[in-house]
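Every number in this text was worked out from the coordinates using simple rules, so none of it is lab data. As the structure is a prediction and not an experimental result, all values here were calculated from the model. With ideal geometry, Cβ positions are generated from the backbone for all residues, glycine too; neighbour counts draw on all protein chains shown.
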Amino acid sequence: MSLVRELMKLKIKAIRGLVLAVMVAPLLAGCASEPGKPSSPNAAVSANDLAARAGLQDGRGRFREVFCAVLEEHGSELPDYRSCDEALTADGVEAGATGEPVKLGQTEANYLVLMVPGLGWECFADWLDFDGSASKHVAQFGYDIQMLAVDGLSSTENNAQQIRDYIAKLPPEQADMPIILAGYSKGAPDILTAVVAYPELQQRVVAVVSVAGSVAGSPLADDATQGQANMLIHVPGSTCDEGDNGAVASLRTAVRQQWLADNPLPQQIRYYSVVTYPEPERVSWGLRNGYRILGGVDPRNDTQVLIPDQMIPGSTLVAFVNADHWAIAVPVAREHEFIGSTLVNRNDYPREAFLEALLRYVEEDLASGSNTERVREVE
């Protein structure tokens, strides 16, 4: 009987997964049902040029050196191996390369890395069966990483308070550790809102890293409703509730861009932008509707967010990543083979190696004290 029960559990999980994927793919990859808007007048301008206009510093050259060294060190030992040229998207001249050796041993810093997920994460985290393999990989080098869970369907203001509260309640052994906040998708504006709204965080947070962040919002949110996002509550096995019903409104471009205009970021914190910028063949089938809709605004998008809208103003541009919005952070295909071969068929990415390279890069950059000699503005 125990075998029968286990088989039934597997069947139920598979059904839940299929229902969730069918709902989430069109929902998060394009709630908007309208055809794409006319192409932006900036569409002919390279992403490199847009980064320069936003005042970003270019660290891509050095990050490429670090990432290549990590990939070479581990080879095919880690999942989803790709070469540097396949894993990163080239756009213009990459500045910041030094040729210096990359330290691949134990971390010399004592940072606490808190990772804030995106919209709806808590709704399908259980189905994802997220094993934290990337965090486990970097832990062997001494990096202390925790998932800072926030409401999946609440506003940036609500989640910013949750970030503040989480940090305030850290145990005594972590109370003095400098903090790196890394935000994926909506997690990025949640973090930015937190460090502006709560000055006490500015004494603890040394760096903010946006990974495919919806920093300046997304045109997809402009035509979406909170009710569409709240459909995630009704997926079998979902573990989220409506929160304050503010997630979608928080991601509208007018809201985010006005917030950025009204809220200068604390200067004592270092900011980094990882931009997902996939080649067309690296976009999963289930995300192509969002890719098409956003393509009507600007062909440079990751299926959820436009490339320039992922950039924190005045930050260091770490990388243009050849992955769609899900592939960089949401490990669907590894645990769900059928969905990974159909709806989310371009989900493979060397996430473990990428996270190691990202942390090593940020650690090195923070240790330098000043990046004016090594990094220059994007050209």
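Some points to look at:
- Simple spin-label estimate for T98 and Q267 gives 2.5 nm between the two label positions (7 Å along the Cα-to-Cβ direction from each Cα).
- In the stretch 251-362, Rg over Rh equals 1.01, where Rg is the alpha-carbon radius of gyration and Rh the Kirkwood radius from pairwise Cα distances.
- Estimated FRET transfer efficiency (E337, T107; beta-carbon r; R0 41 Å; 0.05): 0.75
- Within-10-Å neighbourhood charge of N110 [Cβ basis; K, R +1; D, E -1]: -3
- Spatial offset of the stretch 353-369 relative to the stretch 271-293 amounts to 24 Å, using the alpha carbon center of each.
- Between E279 and D241, full extension at 0.36 nm per residue minus the direct alpha carbon distance yields a gain of 10.2 nm.
- Cα-derived Rg over Rh, computed across the stretch 157-200 with Rh taken as Kirkwood radius: 0.97
- Efficiency of FRET between D176 and F141 - r from beta-carbon atoms, R0 22 angstrom, step 0.05: 0.55
- Rounded to whole Å, sorted largest first: equivalent-ellipsoid semi-axes of the stretch 77-206, Cα gyration tensor: 27, 20, 17
- Amide hydrogen proximity for V321: with H placed 1.01 Å from N in the peptide plane, the residues at 5 or more positions away or on another chain lying under 5 Å are T89, V275, T276, Y277.
- Per residue, the Cα convex hull of the stretch 124-176 amounts to 102 Å³.
- Annotation for the stretch 157-195 versus the stretch 86-111: alpha-carbon center distance of 25 Å.
- For V275, net neighbour charge (Lys/Arg +1, Asp/Glu -1) across residues whose Cβ lies under 15 Å away: -4
- Every Cα-Cα pair in the stretch 135-211 was counted, and those over 22 Å apart are 21% of them.
- The stretch 216-260, Rg to Rh (Cα coordinates; Rh as Kirkwood inverse mean 1/r): 1.06
- Along its three principal directions, the equivalent ellipsoid of the stretch 151-304 from the Cα gyration tensor extends over semi-axes of 28, 19, 15 Å, largest first.
- Euclidean distance of C-alpha centroids, the stretch 43-84 and the stretch 307-321, integer Å: 11
- On full extension, the segment bounded by D85 and Q202 gains 38.5 nm, given 0.36 nm per residue less the C-alpha separation.
- Near P189, once Lys and Arg are set to +1 and Asp and Glu to -1 for all other residues with Cβ below 14 Å from its Cβ, the sum equals -2.
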